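Asker: One structure, as structure tokens, below. Some questions next.
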Amino acid sequence: MKHKKSSSYTTFQNVIVFPGTVERLYSEALKYLRNNQFEKANQYFEEALQYEDDDEQLLSIYAYSLYESKSYEKAKEVCERLLSLGPSMYFEIMELYLSICLQLKEYKKVEKIISSLLEEGVIPQERLEQFKRLRELNATISEGMEKQEENTVVSQFELEQYELDVFLGFDASQQVKKINEMSYLNIRPILKQLKNIAEHSHTHPFVKSLILILMNEQKIDIELEMKKFNRMIVVNPSKIGLPTELPQYKMISNIVNEKLQQDPSILEMVEYLIAKHSIVTYPFEWLDFEPQKVAQNYIDFVYQMFGKNGGADEEIYRFIQELEKLSELQ
């Protein structure tokens, strides 16, 4: 890690940053990274980068961690930032960047970049084979996706199952199954039907969330009117993050991690509940409740499972119980 200042402390946005702060955050991130706990690692990387925003080593490992946690859009941004710095590990970062673009189905971009690098003859001999294999893989997947889209025809019978009246006639678990069946298919032929289902007041909140996530993953650029918990919001699925990428989730997760560092078993259960419930509340998160109080109530909720009493906030506690019931469909 590089150091830019030699003073005993520095300041960041009027906050005193003491010596060793970045190193401690970096060390914590690496600890979680080694245990394949990528989302936790990312939280520490993000905090460290508030103070060392152009550290090549930090950015490189953060990009890798984002890739492993499937946060591809964010990983792509970090790689682009790195590449603009002209990193010493340029081709390693470029290879990761291309892998991310492949995951994002940006096949034309991958082909264009690799072709350009090959034509310019700038790829080192020891990495030439990896780039050629990446190009072949990109071509294979691209061709396969094109054929799949051509062959994906939703039958009239299948189409009818997603008509509002028919779909709402299924029980909630069957509805979840039918939405999950569309995960690897092009949903555009039934986009109108899915929109009607997601916007209907009688649709289960969890099912609404699954449809929004499905549209997000397929970059559906429409306006969707989401109603839950006596709230209404208009969202564009292509422009909203996934449940675990939203700001309140990150704040609550950070608070829980800080409070339960010495109790990893409770931490794991609390994090599981928060992640599970974030799908049900999506895109609203935890309404107007303060993250600090929500985090503490999740901790109390889990402790009470083991017979320990906590000072839970009754309103938030009831809301968590409601979310737990609604999330049983998972």
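The values are calculated or read from the model by the stated rules, or taken from the named source; none is laboratory data. Bear in mind that the values here come from a model prediction, so they are computed numbers and not experimental data. Glycine also receives a Cβ, built like all others from the backbone with ideal geometry; neighbour counts cover every protein chain displayed. What goes into the accessible areas is simple: the full protein's heavy atoms, side chains included, and nothing from ligands, DNA or RNA. Shrake-Rupley method; radii C 1.70, N 1.55, O 1.52, S 1.80 Å.
Asker: Test GLU258 against the criterion of being out of contact with any Ser or Thr (no Cβ under 8 Å at 6 or more places or on another chain), farther than 21 Å from ASP165 by Cβ, of a type in the set (Asp, Glu) and at pLDDT 90 or above, and give yes or no. Write out each step before concluding.
Answerer: Details: out of contact with any Ser or Thr (no Cβ under 8 Å at 6 or more places or on another chain): yes; farther than 21 Å from ASP165 by Cβ: yes; of a type in the set (Asp, Glu): yes; at pLDDT 90 or above: yes.
Criteria met by GLU258.
Asker: Scan region 297-315 and give yes if some residue there is among the aromatic types (Phe, Trp, Tyr), more than 25 Å from GLN175 (Cα to Cα) and surrounded by fewer than 16 Cβ atoms within 10 Å (Cβ to Cβ), otherwise no.
Answerer: Start the filter on region 297-315 by keeping residues that are among the aromatic types (Phe, Trp, Tyr), which leaves 298, 301, 303, 306.
Filter again for more than 25 Å from GLN175 (Cα to Cα), leaving 298, 301, 303, 306.
Filter again for surrounded by fewer than 16 Cβ atoms within 10 Å (Cβ to Cβ), leaving 306.
Yes, region 297-315 contains a residue that is among the aromatic types (Phe, Trp, Tyr), more than 25 Å from GLN175 (Cα to Cα) and surrounded by fewer than 16 Cβ atoms within 10 Å (Cβ to Cβ).
Asker: Search region 215-237 for residues being surrounded by 12 or more Cβ atoms within 10 Å (Cβ to Cβ) and modelled with pLDDT under 90, and hand back the single one that is farthest from ILE274 (Cα to Cα).
Answerer: Out of the qualifying residues, it is GLN218.
Asker: Next up: Just to be sure I understand, how many residues within region 284-296 are touching a helix residue (DSSP H, G or I) at 6+ places or on another chain (Cβ under 8 Å), surrounded by fewer than 22 Cβ atoms within 10 Å (Cβ to Cβ) and not aromatic (Phe, Trp, Tyr)?
Answerer: Total meeting the criteria: 6.
Asker: Sticking with this structure for a sec: Could you grab the pairs with beta carbons closer than 9 Å, sequence gap of 6+ or different chains, first residue in region 77-88 and closer than 17 Å to ILE113 by Cα, second one open to solvent by less than 90 Å² (accessible area, probe 1.4 Å) and among the β-branched types (Val, Ile, Thr)?
Answerer: CYS79/ILE93; CYS79/ILE100; LEU82/ILE93; LEU83/ILE93
Asker: I need the full set of residues from region 84-101 which are assigned to a helix (DSSP H, G or I), open to solvent by less than 20 Å² (accessible area, probe 1.4 Å) and not β-branched (Val, Ile, Thr), in order please. Walk me through it before giving the result.
Answerer: Going through region 84-101, the residues assigned to a helix (DSSP H, G or I) turn out to be 84, 90-101.
Retained after the next criterion (residues that are open to solvent by less than 20 Å² (accessible area, probe 1.4 Å)): 93-94, 97-98, 100-101.
Result: MET94, TYR97, LEU98, CYS101.
Asker: Further question on the same structure: If you take the residues of region 155-193 that are surrounded by 13 or more Cβ atoms within 10 Å (Cβ to Cβ), within 22 Å of the chain's Cα centre (by Cα) and free of Cβ contacts under 8 Å to residues at least 60 places away in the same chain, which of them is nearest to ASN230 (Cα to Cα)?
Answerer: ILE179
Asker: OK, next. Any idea which of LYS105, LYS147, LYS112 is at pLDDT below 95, not in a helix (DSSP H, G or I) and not aromatic (Phe, Trp, Tyr)? Can you show your working first?
Answerer: Working: LYS147 fails: not in a helix (DSSP H, G or I); LYS112 fails: not in a helix (DSSP H, G or I).
Answer to the selection: LYS105.
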